[in-house]
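Written below as structure tokens is the structure these notes are about.
Where a number appears in this text, it was derived from the coordinates with a stated rule and is not lab data. Worth saying up front: this structure is predicted, and the values here are computed from it rather than measured. We place every Cβ from the backbone using ideal geometry, glycine too, and count neighbours over all the protein chains shown.
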Amino acid sequence: MCMKQIIGEPGIDLSSDSKMDLKLTRNSESFHKPNSSNHNLNSFNQASQYFPNLSPTNFLSRAENLQQNLKTKSTNSFEPNLNSGMATQNPPLDWDPHAMLSNLSFLEQKIHEVQSLVQSIIDQQAEFSSRPSELATRQQLATADLTCIIIQLISTAGSLLPSIKNTLLSNNPALRQLVNPDFNNNLKCEGLIRNFPETARNSEYEDLLRNLDNEADWMKEPNPPPQSDIVDANPIDEHDLKESDDGDAEREHLPPGSYIVLQLEKEEILAPHTHFCVICGKGFKRDANLRMHMRGHGDEYKTPAALAKPSKEPGSDAHPVTRYSCPFVGCKRNKEHKKFQPLKTILCVKNHYKRSHCDKSYTCSRCHAKKFSVIADLKTHEKHCGRDKWQCSCGTTFSRKDKLFGHVALFQGHTPALPMDEVKASGSGQGNDDMTEDLGGYNGNFASEECLTSMDVKGIDESRAYFSPMNFDGFGALDEFGRGGFDLEDNPFAFIPSGFGQRSGDS
Amino acid sequence: MCDITAVLTVDLLAQVLDWLHDSRDLKSCRLVSRAFLQAERMHRRAIRALRLGPLPVLLRRYVGSLQSLDLSSCPSLDDSALSLSIPCPNNLRSVSLSRATGVTWRGLEVLASVCPRIEAIDISHCVGFGDREAAAVAKACWLKELRIDKCLNVTDVGLAKVAVGCSRLEKLGIKWCFEISDIGIDLLVKKCLELRELDISYLKVGNESLRSIASLSKLEDLALVGCEYIDDEGLYFLSNGNCSLQSIDISRCENVTSVGLTTLAEGQQRLRKINAGNCSPVLTSTFVSKLCTLGDTLIILKLDKLQLLASALEIVGKNCRNLLEIGLSKCNGVNDEGISWLVEGCTHLSTIDLTCCLLVTDKSLLSIATCCRGVKCLRLESCVLISEKGLDQIASCCTDLKEIDLTDCNVNDNALKCLSRCSELLVLKVGLCSGVSDIGLSFIGTNCSKLLELDLYRCTAITDDGLAAISNGCKRLKKLNLCYCNQISDTGLAHLQLEELSDLELRGMVRITSSGITAMAMGCRSLTQLDLKRCYSIDDAGMWALAQYTENLRQLTISYCTVTGLGLCHILGSLRCLQDVKMVHLSWVSIEGFELALRASCGKLKKVKLLGKLQDVLSSELLQTLQSRGCRIRWVNKPLVFKG
């Protein structure tokens, strides 16, 4: 099984990579057109076409289930281990023997732990016969540790993957940039946790892996076959879902059963759909398609009334109150979060996910500084964004001149900044507030340099944000990232996914 | 030989010098002896530089006492020249850089740093100046007086820089700074609480600005000329504000009606000067009756182009008894009756402007002569009904008359004969009076020796003899207009030996040639402005003479002259003060001629007027160089038309 997983892992990894790449290419189409002659990119694009059919929600909800079971059953001592496992998983862009060595030593240690655990079970077998519940606990502990080892093993093996890819893609620098290690890593972890097998469901897990293998295989083919049957092979268990959500609600001190928590897969969220199934969350571009889809959920959706165009008041009361969870683990909107705050609608999910966990790929055409991931935000900003950025000598910026002048009138010695000053401080003027603080010390240096272009400042801004330690909380592998070789000269900054630096965990 | 300084000590000499205002007198004084020169050096407070060359030496010589420096007529003044010429420890309080288009913000920053005690800066008409220049000026934190009129690129931001940097400002002129808005004015008012004089003429500001301005407690003088967005509401704010205005100019504010003027007169009881000309044309009697409440304080009242009834003038006459100046130009309703009521009350009037008051006859002049014997300035342009009788009365009673404008009044030699009795006359304008001939001018020439300005525009009857009489009699003449007096020839021009003449207009005098110009140039060495347009016979020889003799020539118009490239090149290259040249339709000058001549000007020129067709053929590099040195080129597309 282990071997199989290792073989399967590159497939998973590649697929998640391709998802990532895909999103980037789609978002950055304006400046990065997919090269039709590039075989890899081509296949990625095709992958996107088939993605909705894969219905990741199914994996997801089940995986959530599994993960949660695991968590509740496992002891506390397990969690730090898992975390440390995740921490060491950060794969550097190049194959790093030091990291590899540390991973292996971790594995070694872990194996010793399991060894001693199993040994203890053997030793105390007589005692356990009288207390079967304790035995079960021990067994679960052992299983958890084993799975942890498996994860570590896979990730260690998987860390080889980027270096392989690097050699493959070295001819295409743009593509190389799109191989985003951070996203890789997260997707991989998630995928692994999601697909975490219970001993009882081993066969199912194997099926799943096989599917993923297939997926990885067809992704390499120019014309992959449709994979819709995979989706149907894993029908969702509504009861399970409800149970888990109830548990959720209990933890959050919310009225149990008052609502369902749905968590959509990120691909689903990012898909350009507007109509979503209230039961499984699958999205559709047209309402009619959704109604067709609904027929599969039961006979009550097959009635002429249900198939007819919705009246002014859609029969939402037929369904229980639904709330949504963000698929990003660690996010406050993720149901795993201690202070989970559910999102009200699919639209909220879409906007939240794009704003908090995605690239800000829409750049304001006026100031060329502000970036947005939601196009509506861009439009709102562009309404108010003038070429003139009203800035005070103290560095504070204002959207309106009268606001600036009010400020200047209030504070002794403050004056409006001239355009030259604007250039020098544009870094602080354009970005988030935290970046303004970061750049505070730079303003003085730039004061005398008129010729400094805003582009340069932007570059500094972004790179600072990139290396800012706050983005790697809990990962601890900052040094490796630093060494990871983002040679800033080669890479035009436009290609660094800005979501990278700005993803600060919480929304 | 006795040393005069033993008797006349330096401080006594300084007191004598206090009474000398004319530069020529001062020059002669300097030339007396070294002691006199030293005394003059210590006494001198102000310098107005005409050329850049001797400036550093001059400034070093006068640095101890010099307080005021005027560089407005200095050609090719740029940042480096400015920073080099101003000595570092100095007592300069006032610097004028008006029209110094070659200077940039760097020069101004240097100026602000080397003149720590500078209190007044004038950078008006530097049309390219913007916020950066304003910011540079704002570094002079002791500034009390600032003029940035027509610095077209100054916006609210620049004004805010000034307001924050120079909080002690007392006088500020931001006329024609079109980019400034209410927001900027509001900030200015909040930061500069010492403001006494403010000129926001022609700004696109609205009533909100006046609301802010009204809170300035020290404001005395406010000019709002041509503020089209200001209306009665704004004047209401002013009348209820903290300021106690002494002078207000709301002329050309189209949306101000007499209602606003009435509220203003009610609220601002200390007004001494009101200019309400060219506002809304109808003036109600309520405003005039409110003027009565101002009563004795009012000294200047200008009501140009308003509909005035005789009764209104009667009220003014009865109440505003201390009025010194009244402007009634283009007031249709003004007639003899009104004037007589007015002057009966306002006996102190010294300036009366009746331009285009078509109903005014000799009777008005009679009443003015009887009541206002102290009148100094009479403007009677286009008062076609007046004759020598009225002027005779004026001349006999108002012996103090200094200025009279009779343009287009159709007066004749007799009128001039009467006026020649006013020996104090300084300014005489008889343009378009075809009845004026050599006889009249001979009276003027013999009696009005103090005359400074004479306008003989299109007095076609004048010949060489008349000019000779003027030249012989009025030796102090500074300004002479002989346009289209086409009977005058070189002989007449040769009579012009006026050392102080600075401004001469000879447009359309077809008979004069280069020899006349040469003779004139030899006699009039101080010429700064010369108009030779349509003097078709003037060629290169004239240019050579001008280049040789009139060193101070600053403004020259030679359109339609038969000058060649050589002459043009020579004059543009030699005249060191030349800044403004109009050279349209110089058919004898080749493109290369223009090119060379403009290159020869070495960046002195600030304004050039050229034929539009040249825009494409002149090298772009040259045009760029000119523009970068602060030269504005006006391209005109007028057809070539020869007129007699």
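To the nearest 20 debye, what charge dipole does the range B:1-100 have about its Cα centre, counting +1 at the Cβ of each Lys and Arg and -1 at the Cβ of each Asp and Glu?
Dipole about the Cα centre, nearest 20: 160 debye.
Suppose each label sits 7 Å from its Cα in the direction of the beta carbon; what would the A:Leu135-B:Arg525 distance come out to in nanometres?
Each label point lies 7 Å from its Cα, and together they span 13.0 nm.
Taking amide H positions as placed 1.01 Å from N in the peptide plane, with prolines and chain starts having none, which residues 5 or more places from B:Asp70, or on another chain, fall under 5 Å of its amide H?
Sorted by chain and number, the residues that satisfy this are B:Ile47, B:Arg48, B:Ala49, B:Ser96.
Looking at the range B:528-644, send over the antiparallel percent of its DSSP beta bridges, to the nearest 5.
0 percent
For the range A:95-119 and the range A:325-350, what is the separation of their Cα centres, given in Å?
With the range A:95-119 and the range A:325-350 each reduced to a Cα centre, they are spaced 34 Å.
So how strong a dipole does chain B carry about its Cα centre when Lys and Arg Cβ are +1 and Asp and Glu Cβ are -1, to the nearest 20 debye?
The dipole of chain B has a size of about 1440 debye.
Please report, to one decimal in angstroms, the Kirkwood hydrodynamic radius of the range B:438-546 built from all distinct Cα-Cα pairs.
13.3 Å
Are any of the pairs B:Lys150/B:Lys171; B:Lys171/B:Lys604; B:Lys330/B:Lys638; B:Lys273/B:Lys363; B:Lys144/B:Lys190 more than 21 Å apart by Cα-Cα distance, and if so, which?
Violating the 21 Å limit, Cα to Cα: B:Lys171/B:Lys604; B:Lys330/B:Lys638; B:Lys273/B:Lys363.
In percent, how large is the relative contact order of chain B, given Cα pairs closer than 8 Å and 6 or more residues apart?
It comes to 5 percent, rounded to a whole number.
How many partner chain Cβ atoms sit within 10 Å of a residue's Cβ in peptide A:400-410, on average, as a whole number?
5
Please compute the contact order of the range B:92-132 in relative form: average sequence separation of alpha-carbon pairs under 8 Å and at least six residues apart, divided by the residue count, as a percent.
61 percent
Over the C-alpha atoms of the range B:486-583, what are the Rg and the largest Cα-to-Cα span, Dmax, in Å?
For the range B:486-583, the Cα-based Rg and Dmax read 11.6, 33 Å.
Evaluate the distance, in nm, between pseudo-label points positioned 7 Å from the Cα of B:Trp142 and of B:Thr446 along their respective Cα→Cβ axes.
5.8 nm
Apply 1/(1 + (r/R0)^6) to the Cβ-Cβ distance of B:Val282 and B:Glu344, taking R0 = 30 Å, and write down the FRET efficiency to the nearest 0.05.
Working from the Cβ atoms, E equals 0.70.
When the label point is put 7 Å from the Cα of B:Ile439 along its Cα-to-beta-carbon vector, which residues of the range B:400-419 have a backbone N closer than 16 Å?
B:411-419
Just check the range B:220-260 against the gyration tensor rule for me: Cα atoms, a ≥ b ≥ c as the square roots of the eigenvalues, rounded for a/c under 1.5, and otherwise prolate or oblate depending on whether a/b exceeds b/c.
Oblate.
On a full-extension model of 0.36 nm per residue, what is the gain between B:Asn472 and B:Thr370, subtracting their alpha-carbon distance, rounded to one decimal in nm?
The span from B:Asn472 to B:Thr370 would gain 33.4 nm if fully extended.
What percent do you get for the relative contact order of the range B:450-525 when only Cα pairs under 8 Å and 6+ apart count?
32 percent
Looking at this model, which pairs from A:Lys285/A:Lys371; A:Lys282/A:Lys335; A:Lys285/A:Lys344; B:Lys402/B:Lys533 are more than 22 angstrom apart at the alpha-carbon?
Where the Cα-Cα span goes over 22 Å, the pairs concerned are A:Lys285/A:Lys371; B:Lys402/B:Lys533.
Alpha carbons only, please: Rg and Dmax for the range B:347-441, in angstrom.
So, for the range B:347-441, Rg and Dmax equal 11.7, 36 Å respectively.
Express in % the proportion of alpha carbon pairs of the range B:133-239 at distances exceeding 24 Å.
12 percent
Could you calculate the contour length gain from A:Thr380 to A:Thr274, that is, 0.36 nm times the residue separation minus the distance between their Cα atoms, to one decimal place in nm?
36.1 nm
Take A:Gln119 and B:Leu566, extend 7 Å from each Cα along the Cα→Cβ direction, and tell me the distance between the two endpoints in nm.
Here the modelled spin labels are 11.8 nm apart.
With a ≥ b ≥ c taken as the square roots of the eigenvalues of the C-alpha gyration tensor of chain B, please select rounded if a/c is under 1.5 and otherwise prolate if a/b is larger than b/c or oblate if it is not?
rounded
Using Cα-only point scatterers and the Debye equation, what is log10 of I(q)/I(0) for the range B:396-488 at each q in 0.10, 0.12 Å⁻¹, rounded to two decimals?
-0.19, -0.28
Could you work out the mean count of beta carbons from other protein chains within 10 Å of each residue's beta carbon in B:179-188?
3
Need one value for B:157-165: mean number of C-beta atoms belonging to other chains within 10 Å of its residues' C-beta atoms.
Neighbouring Cβ atoms belonging to other protein chains average 5 per residue here.
Using r as the Cβ-Cβ distance of A:Arg286 and A:Val321, and R0 as 25 Å, what FRET efficiency do you calculate, to the nearest 0.05?
0.45
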